[in-house]
Structure formats: structure tokens, C-alpha cells
Amino acid sequence: MSLDMFHSAVTRIQVQRPGFNYTFAHICILNNDKTCIVDDIVHVLEELKAARSSNRTNFAITYPITHLKDGREVYNGHQLGGVTVHSKDRVKSAEAIQLTYYLQAINSLNDMVAEKWESIFCDTVELFQKSNRKVKMYPFTSSSLKEDFQKTSRVSERYLITSLVLVVTLAILCCSMQDCVRSKPWLGLLGLLTVTLATLTAAGIINLTGGKYNSTFLGIPFVMLGHGLYGTFEMLSSWRKTREDQHVKERTAAVFADSMLSFSLTTAMYLVTFGIGASPFTNIEAARIFCCNSCIAIFFNYLYVLSFYGSSLVFTGYIENNYQHSIFCRKVPKPEVLQEKPAWYRFLLTARFSEDTDDSEETNTYESHLLVWFLKRYYCDWITNTYVKPFVVLFYLVYISFALMGYLQVSEGSDLSNIVATATRTIEYTTAQQKYFSNYSPVIGFYIYESIEYWNTSVQEDVLEYTKGFVRISWFESYLNYLRKLNISTGLPKKNFTDMLRNSFLKTPQFAHFSEDIIFSKKYNNEVDVVASRMFLVAKTMETKREELYDLLETLRKLSLTSKVKFIVFNPSFVYMDRYASSVGAPLQNSCISALFLLFFSAFLVADSLINVWLTLTVASVEFGVIGFMTLWKVELDCISVLCLIYGINYTIDNCAPLLSTFVLGKEFTRTKWVKNALEVHGVAILQSYLCYIVGLIPLAAVPSNLTRTLFRCLFLIALVTFFHCFAILPVILTFLPPSKKKRKEKKNPENREEIECVEMVDMDSTRVVDQITTV
């Protein structure tokens, strides 16, 4: 396949519209001579072909600047890739060629035609690829990134369905037990339904208000899964602590009093954190919409837990009090009746009746639940064992060491492949771009779009004043420094003017090439005025060195915002560099603001300031570990990972705050006793939520998308590290660090003395009678 054959096929592409067929010539950007603008490499190869056909050997391609026979200098540094050169920069071979076709988008019809032309262009490239297997072709259009970004949602559908099925199954199992009366499988399903309804409500509101969907929304169900399921499991755990002889209303009131305070506080923290992210302070639309959707979903989840799930808990409570089967709602027969039934029937209707148990067994009716039994009988004693603690502390030191090693290698992500699905045009194109065309940065366009007096020294001085203080030598400063030395008149010919500019720019060490366009207009007195000027610059920084490109971008942006001369700078790469530069700074700034606000806010709500201290240290330890390990797992800091880190703060508070509150506020007993008590009270809910969360995340790892890969790795690390702190680090550290749990002797108040009447205790085996009078 020759390049001219491909170029000819592209220019013959037709877009059929009613009454007219559009070709490339109808929608291309026109030059001054009313011809389509094409890449200079096309002209270079045409001259090379003409020279070979006429047996001329005096024409050679040089790199990165080639001279055409008409005297023009053309830059090919971004059009030839994998170049091997002879002496004097003569090109010996090139492994890749990049062609760019420029289309107009001046109105809606033109934009529609251009979009269709791009689609046909990709099909044309694929046809040429099939007929020329030896040549690899990678098409990329203005809509490729958007299409590949949204493709993540389509390729994730079946994996999300698998995730939903697994979470439903495990949620039902986590709420089930052998006792068919006290088992609550429907509450596991209804808890997940509560989270689902809140997510769908938020999606509907965003859709009705004209919000735009993007693939970052894939993370919202997992945000809701971590927060919503824990709240429902915590309520169920509180229900198990209530007395069975109480009325359902009293048990429900005890549940809400025990669990809803902490759930309300963590919900408020979520709303504040994501609320700041949804505010105008966030300059990334995808992140702002994600945070807005998360806020709405969390708010409605709170309402649904209070109403829908609370009502479901009351309904299952009446079923339990009436000794009805937890699944079939059928009255469970007495044990003596069950003896006459088959074995499978007795297995399905196994239950313990209160009249069959004495007072000592009545408080342990829920211990047949597997997780409750495991934590109370085995794990709490094991983790607080004196011989286990040193190994946990050693393991924590290893954890900190590896986290620090990863933290020192953190890098900001600016690779387009991190946000799209794999096996897409964007991935293939950016891979080839970085492999073959990274010797020079992209071409930077500099546009002055107002008529200014270039020759006026005062104008030059005003602009130069804004460039002071930068480490890098500004190309604009170089431009004006040279103009200051000139006495340019309004009648200066264009050639002399542009020659002077070229000589000035090529003396600036940051730039390898300079080209220009000057637009003149005649005034009524036949004088010539410079209406606008356009220059194209190529920096010597390499695309692979993101720091250099980012510094250049920041320098150009500051100049364009502060200079009195109206100019803009643009290159498509700046769009992505700007996106990633903002994706790290803005969310981190907002998260810091929200963290400070939460600390200030919670200081007035918690009963002991020590809870805030421990919670802050725990969050810092978790976030430090997640950042370190995600770097070791080759995850960079980009928009997705930073949003996950912000969510990680709330997730850690969600799981650790109840444990710390129970421990800090506990009195009278030893530290070890209160650590065990905190794990027994809240550990089951944390473990149930964690298991469902991890099972839901696992299918996400198989989605063929880099976006979901980043999402999975970050969320998995957040859940794993938080679980490690809840069940290992905190239970061990809290046993030998403050607060003290010394028994406080309360002063006896003589005014508050109460006498208890004589209690007679009779030993039935003898005639001995024990009289005891106690005064409190």
C-alpha cells in the first residue's frame, strides 16, 4: 500500500445527505489559496516521489526540518516516527508516519457531516488494514476518546450483573442462621434493595435535570454498597442485642437509639465530603457530576433506611415474636409436634422457644449465627492474646515500611489509556504515539487575536511585566524582546516581519521550530495593520516527560490569563494535561477542606475528644497505606484514584468510628475487656459488610477496561486496609495505649441511700436460712 493511495481514498470519502454528497474538499479547513490544508509530510513525500521518478538524487528528507523546493521549511518531527538519520540529519528510515486531516465545525450541519465523515474514515482505515496486513494503522478522531470512555459502561454490564447476583446471595447468607425464627434472610435482600433504590433514585434525578452520564458513575454503586449495607447490618446487629421478651416497638426504638446516631453522623460526613466535590470549587465536570450523584444517592439512602428498611425490620420483628418462619412466614410448630415430622421438615423448621430455655440461655439465642459465634468464642480471645500482639505489631511495621516505599514513588497519571476500555482505538493510538512520536512535544499554537501595536515599546513593557518571576524563559518574552529592538512600521512587508520573528524564536533554547501566519488588513488611508498573528511552536521537551510538559502548560496559562495582550495557546495534548493536573489538585484540596470541617464539626458531637484523635490517626494510617500500596500496584494518581481516596476517608470512618466510640466511652473494665466488647457489638456488621463489598468488587477485576481496573484496585485496597485496621491493628494497639480503663471509685452520697428489704434464701437440702440486708 502506498501512502498516496491511502491519501487519495481518504479524500474521496463521501457523506451522503439529502440532495448532496459531501467529500473532504467540502468540509476541510481551507488555506489562503482556497485549497484543503494537509500535513506537510504529504508534500514532502510527493516531492520525494517526483525526484525518484525523474532520477534526481539531490532531494533528501532531513529531520526534524525539511526544505521543500519552493524554499519553505516544514517541520516533520511530529509526523515521522522511529527515525534513523545519516549525517547532517538526513533521514535513512522511518518506522511510522502520522497523518492528520483537519475538518471544519462552523455550524450544526457541518458538525453532523464531519462526525459522519470521521466514522467512515475509521471504516476506511480498517479496510486498508485488512488488505495490507504488514502495515499497522491506528485511526483516531475527535470523538474516539469519548466513545472509548463510554465503552467502559457497555463492556461492564454483564460483570455488574454477576456482581449483583453474588452480593445478593452473600447478603442473604450473612443474615441467615439455623434458627428459622430468628434468621433474617429477607432483611439481607431488603437492605441491598434499599441501596439499589437510592442509587436508581439519584440516577433518575440526574437524568431528569439534564445531567450527563459518564463511566465514572460505575463507582457510585460501590460507594453506596460500602455505606448503605453497613448501616443496615448495624441495625440488624443492634436488633440481636435487644431482649426477646420486649415488645416490637420497644426493640425497634432500642435499635434506632443504638445505631442511627452513628449512621447519621457518617452520612453527614459523606454529604459534606461529596458536597464540596459537587460544588463549583471542583473544576472537573466528570468529578463534579460524580460527587453530585453520590450526594443524592447517599441522602436518599438515609431516608430509605429510616423508612423502608426500618419498616421491614418492624415487620420481620412481628414475624419473630409470633414464632413464624422467617422465609415462609408460617407458624413454627412446637418441638413435640416436630418430632412426628420427617427429618427434612424438622431441619427447615428448627427454632428455639423461649419457654424451653432458662434465663441463662435466653441471652444467647442469637449465638447460633455463625459470625457471632466465631467472633465471641474464638477471634476476640485470640486477637487479644498476649502472644499474638507482638506479631500484629511486627506486621504493622512491615505494612508501614511497604506503604512508605510506595508512597515515595507516587506519580501523577496523564496517560489517556487510564480512563478508557482496553482494546480500543485510543489505547492503540496512544501506545503508537508514545512509542514513535515522543522525541518532540506536540505543536503549540499561539494566537494573538487583537490588533495591537507590536512596535510600541510601552505595550511591550506592559506585557513583559507579567513574565517576571518564572524560572523558564518565556517564549512570549523572547518574542517581545526582539520586537523591542525593531522599529516596525505599519507598512513593513510580511516576509521581513516573519523572518525577524523566526530568527528571534529559534534563539530561544526551549523551541526547536517556529512557523507563523500574519493576517494584515488595509485601512482607508492605504496603510497596513496587523489584525492577528498566529505562530506554531515546537518545544524540545518530550511527551514522555510529563513534568516538563506540565511546567510549560502552567507557564503558558499564566501568561494568557495575566497579560494585557489577548492571546491563547492550544494543543490537544494540553486538554489532557490540564485535566490530569486539575484532577489531582482540586479533589485533594476539597478533601482537605472537608476533612478540616468534619473535624471541627465532630468535635461538638462526640462525647470524648479522644475519639477524634484516634479516628484521625486511623484515617491517616489507612490513607497512607492505600496510597503506598496502590503505587506498588502500578496505579497512578489520577481523577479516578483521587476520588477513591476521598471515598476511603469516609469508608474508614464508617467502619472504625463505632469501634473506637464503644472502646473510648467504656468505663470500669480493662482495656482488653472493652476491646472484646467493641468487636462483639460492631464486629459482625463490619465483617458482613466487608464480605459483601469484596464479593461485589471481584467481578470488576475482570472488566476489560483500565478505568475499572483502577477502580477495582483502589476500592479493594481501601476495603482490605480498613478491615486490617478494624480487626487487627486497633484491637491490639488499644489494649496498651490510652485511654486508661482504671476503675473509678464513685463517692458515696449519704443522701442517696436506699435500703433493700430482707431477702431470705433457703437451702432446700437443709434447714439453713440465710438472711441478708443490703444497703446501696
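Observations, loosely collected:
- Qualifying residue in segment 235-250 (condition: of a type in the set (Lys, Arg), surrounded by fewer than 19 Cβ atoms within 10 Å (Cβ to Cβ), at pLDDT 90 or above and assigned to a helix (DSSP H, G or I)): yes
- Qualifying helices (runs of 4 or more DSSP H) (wholly inside segment 261-339; at least 1 residues being of a type in the set (Phe, Trp, Tyr)): 285-304, 310-321
- Taken residue by residue, segment 196-209 has at least one member that is over 30 Å from residue 418 (Cα atoms) and in contact (Cβ under 8 Å) with a residue 24 or more places away in the chain.
- Residue check for residue 695: under 21 Å from residue 195 (Cα atoms), in the same structural domain as residue 396 (by the TED database) and surrounded by fewer than 21 Cβ atoms within 10 Å (Cβ to Cβ): yes
- For residue 294, the stated conditions hold: it is polar (S, T, N, Q) and open to solvent by less than 10 Å² (accessible area, probe 1.4 Å).
- Residues in segment 252-270 that are touching a helix residue (DSSP H, G or I) at 6+ places or on another chain (Cβ under 6 Å) and either open to solvent by less than 60 Å² (accessible area, probe 1.4 Å) or more than 22 Å from residue 311 (Cβ to Cβ) (or both): 252, 255, 259, 262, 263, 266, 267, 269, 270.
- In segment 248-271, the residues that are acidic (Asp, Glu) and more than 14 Å from residue 314 (Cβ to Cβ): 258
- Any pair with Cβ under 6 angstrom, 6 or more apart, that starts in segment 558-572 at a residue that is of a type in the set (D, E, K, R) and ends at one that is at pLDDT below 70: 564/462
- Being modelled with pLDDT of 90 or more, touching a Phe, Trp or Tyr at 6+ places or on another chain (Cβ under 8 Å), open to solvent by less than 40 Å² (accessible area, probe 1.4 Å) and among the hydroxyl-bearing types (Ser, Thr, Tyr) holds for only one residue in 662, 618, 652, 631, and it is 631.
- Candidate set from segment 168-185 (those that are among the hydrophobic types (A, V, I, L, M, F, W, C) and modelled with pLDDT of 90 or more); member that is most open to solvent (accessible area, probe 1.4 Å): 173
The values are calculated or read from the model by the stated rules, or taken from the named source; none is laboratory data. As the structure is a computational prediction, the values presented were derived from the model and not from experiment. All Cβ positions, glycine included, derive from the backbone under ideal geometry; neighbour counts span all protein chains shown. Areas reflect the complete protein model, heavy atoms only, side chains present, ligands, DNA and RNA absent. Shrake-Rupley method; radii C 1.70, N 1.55, O 1.52, S 1.80 Å.
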